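Q: Structure in structure tokens, see below.
Every read-out reported here was derived from the displayed coordinates using simple, explicitly stated rules and does not represent laboratory data. Remember, it's a predicted structure, so these values are computed and weren't measured experimentally. For neighbour counting, all protein chains shown are included, and Cβ atoms are generated from backbone atoms with ideal geometry for every residue, glycine included.
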Amino acid sequence: MAIAKANVNVRIDVDVKERASQILAKMGIDQTTAIDMFYRQVITECSLPFKPSVEPSLEEQVMAALEKNPAKEYTLDTDENGNMLIDKDLHPELYDWAVNG
């Protein structure tokens with residue numbers, strides 16, 4: 001007995017598609033098989049096979065870093081939009097962290 005097939009039409013960024021296709025090709029998996037595997041995993045786990053999360057903004061990351069070292073006095077300025085400005089001469093450790101993570 002033949003299994004009925006359905007199409008899934010997805011619009012995705014060209015760069016994402018190409019990069020994923022290259023990785024999948026190295027694994028010997030085509031895009032259709034990868035998507036089928038993803039759907040089967042969703043069915044098996046009754047959820048996404050990964051945990052989506054929201055990355056904190058740079059400002060939230062800086063504030064968390066500041067809270068880890070409350071003994072040090074920090075003076076941070078903001079621009080006209082309220083974004084933090086970190087002076088690399090005054091706070092080299094924060095500047096380095098903001099730039100390099």
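Q: List pairs: first in region 22-37 and charged (D, E, K, R), second assigned to a helix (DSSP H, G or I), Cβ under 7 Å, 6+ apart or cross-chain?
A: That search, which allows pairs on different chains as well, returns ASP30/LEU24.
Q: To continue, here is another question. Could we say that PRO56 is in contact with a helix residue (DSSP H, G or I) (Cβ under 6 Å, 6 or more places away or on another chain) and either surrounded by 10 or more Cβ atoms within 10 Å (Cβ to Cβ) or not hydrophobic (A, V, I, L, M, F, W, C) (or both) here?
A: No, not satisfied.
Q: Another one. If you check ALA25, ALA64, ALA34, which single one turns out to be surrounded by 10 or more Cβ atoms within 10 Å (Cβ to Cβ), under 19 Å from the mean Cα position of the chain (by Cα) and of a type in the set (Gly, Ala, Ser)? Spell out the reasoning first.
A: Numbers: ALA25 fails: under 19 Å from the mean Cα position of the chain (by Cα); ALA34 fails: under 19 Å from the mean Cα position of the chain (by Cα).
Of the residues listed, the single one that is surrounded by 10 or more Cβ atoms within 10 Å (Cβ to Cβ), under 19 Å from the mean Cα position of the chain (by Cα) and of a type in the set (Gly, Ala, Ser) is ALA64.
Q: Where residues in region 1-17 are loosely packed, with under 10 Cβ neighbours inside 10 Å and not aliphatic (A, V, I, L, M), which of them is farthest from the chain's Cα centre (by Cα)?
A: Top of the filtered list is LYS5.
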